[in-house]
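Read the structure below first, then the notes.
The values are calculated or read from the model by the stated rules, or taken from the named source; none is laboratory data. Here the structure is a predicted model, which means the values were calculated and not measured. Because the Cβ atoms are built from the backbone with ideal geometry, glycine has one as well, and the counts that use them run over all protein chains shown.
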Amino acid sequence: MSARKEPLKSYKKFFGAEGERLAAKYLESRGYTCVCKNFTTRRGEIDLIFRKDQTLAFCEVKTMTEDSVKEFGRAANKVTPEKMRRIALTAQLFLERNRSFFADCTPRFDVLEVTICRTHANIRHTKNAFPAPAVFIKKRLF
């Protein structure tokens, strides 16, 4: 039974990586500069971290096929409150480790929805998809 799940797991990983690649290309085409991809800690992972002017965008990328969107709804709906909390905790750690580099930046939490169609991909970028948690304010991380 696990032998059957392995190809599906590999496909999902490839599919997600392709969505992240397309999202990064999209952000770069809009003047953002890549700071980090797949920042991972035991708290969680942030798919993409990009900077534009004085904003540091912590980006969650959700990739779905056109058929999946029709069947299950928007990919952004998969960003649960628990996922938001883990992203925020991971962002906090990133900022603590790199404070001197990004002291002048305001953090922002974005979601990029990548919809893969037969001939192209559509990308929806939601800026400030969820607010910075109170811990950022208490610790003066921005």
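Quick notes on this structure:
The rows are residues; the columns are (1) of a type in the set (A, V, I, L, M); (2) at negative phi; (3) in contact with a helix residue (DSSP H, G or I) (Cβ under 7 Å, 6 or more places away or on another chain).
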residue	(1), (2), (3)
Asn38	no, no, no
Thr63	no, yes, yes
Ser68	no, yes, no
Arg74	no, yes, no
Ala91	yes, yes, no
Glu96	no, yes, no
Arg108	no, yes, no
Phe130	no, yes, yes
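- Residue match in the range 99-110 (condition: of a type in the set (Val, Ile, Thr), under 17 Å from Tyr26 (Cβ atoms) and in a strand (DSSP E or B)): no
- Single condition Ile116 does not satisfy, out of (1) out of contact with any helix residue (DSSP H, G or I) (no Cβ under 8 Å at 6 or more places or on another chain); (2) modelled with pLDDT under 95: (1)
- Every pair of residues 6+ apart whose Cβ atoms lie under 7 Å, when the first sits in the range 110-129 and is within 20 Å of Lys12 (Cβ to Cβ) while the second is part of a loop (DSSP other than H, G, I, E, B): Val111/Val79; Val111/Ala129; Glu113/Arg74
- The criterion of being surrounded by 14 or more Cβ atoms within 10 Å (Cβ to Cβ), among the aliphatic types (A, V, I, L, M) and touching a helix residue (DSSP H, G or I) at 6+ places or on another chain (Cβ under 6 Å) holds for Leu56.
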